[in-house]
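Colleague: Below you will find the structure I want to go over with you.
Nothing in this text is a laboratory measurement; each read-out follows from the coordinates by a stated rule. Remember, it's a predicted structure, so these values are computed and weren't measured experimentally. When we count neighbours, we look across all protein chains shown, and the Cβ atoms used for this are built from the backbone with ideal geometry, even at glycine.
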Amino acid sequence: MSVTLKRAYEPVSRQDGYRVLVDRLWPRGVSKEEARLDDWLKDVAPSDDLRTAFHEQQLAWGEFRRRYLSELKQHRLALRDLAQTAEQGKVTLVYAAKDEQHNNAVVLRQYLAMLG
């Protein structure tokens, strides 16, 4: 399985493969042409309540991760399709967060690895 992560503000590359935005909100200042996405899976992004609590530092990383993994179980079918796409070629999960180690795309990649 080949799943990489990339901020929405980084240049697009041919090596990105299938590009999927995994945030509920569109990244500020990025046009659709610049983003060159193949899909936008906003329904698998963290719920508004979870996202807000994490960004306002009401939740530690471990608690955010645990709750988000629980939410992802509700989207198992859609994520199986994405995992199958990653089995066939490279998938890049695109996100807007500044923190490259603590964001929903990191958790989603881990979840996809469990499905694969």
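Colleague: Find the strands (runs of 3 or more DSSP E) located wholly in the stretch 1-98 whose residues include 2 or more that are in contact with a helix residue (DSSP H, G or I) (Cβ under 6 Å, 6 or more places away or on another chain) and touching a residue at least 24 places away in the same chain (Cβ under 8 Å), and list them.
Modeller: On the way: elements: 2-7, 18-21, 90-95.
Where strands (runs of 3 or more DSSP E) fall fully within the stretch 1-98 and carry at least 2 residues being in contact with a helix residue (DSSP H, G or I) (Cβ under 6 Å, 6 or more places away or on another chain) and touching a residue at least 24 places away in the same chain (Cβ under 8 Å), they are 2-7, 90-95.
Colleague: Next question, about the same structure. Considering only residues that are among the charged types (D, E, K, R) and under 21 Å from E63 (Cα atoms), look in the stretch 12-41 and name the one that is surrounded by the fewest Cβ atoms within 10 Å (Cβ to Cβ). First the steps, then the outcome.
Modeller: Our first condition is that a residue be among the charged types (D, E, K, R); within the stretch 12-41, this holds for 14, 16, 19, 23-24, 28, 32-34, 36, 38-39.
With under 21 Å from E63 (Cα atoms) added as a condition, the list becomes 23-24.
On the way: D23: 22, R24: 16.
Checking each candidate, the answer is R24.
Colleague: Same structure, new question: Taking the stretch 41-94 as the region of interest, how many residues are among the basic types (K, R) and in contact with a Leu (Cβ under 8 Å, 6 or more places away or on another chain)? Can you show your working first?
Modeller: Quick first cut of the stretch 41-94, residues among the basic types (K, R) only: 42, 51, 65-67, 73, 76, 80, 90.
From what's left, in contact with a Leu (Cβ under 8 Å, 6 or more places away or on another chain): 42, 67, 76, 80.
Result for the stretch 41-94: 4.
Colleague: From the residues in the stretch 79-115 that are over 13 Å from the mean Cα position of the chain (by Cα) and of a type in the set (S, T, N, Q), which one is surrounded by the most Cβ atoms within 10 Å (Cβ to Cβ)?
Modeller: T85
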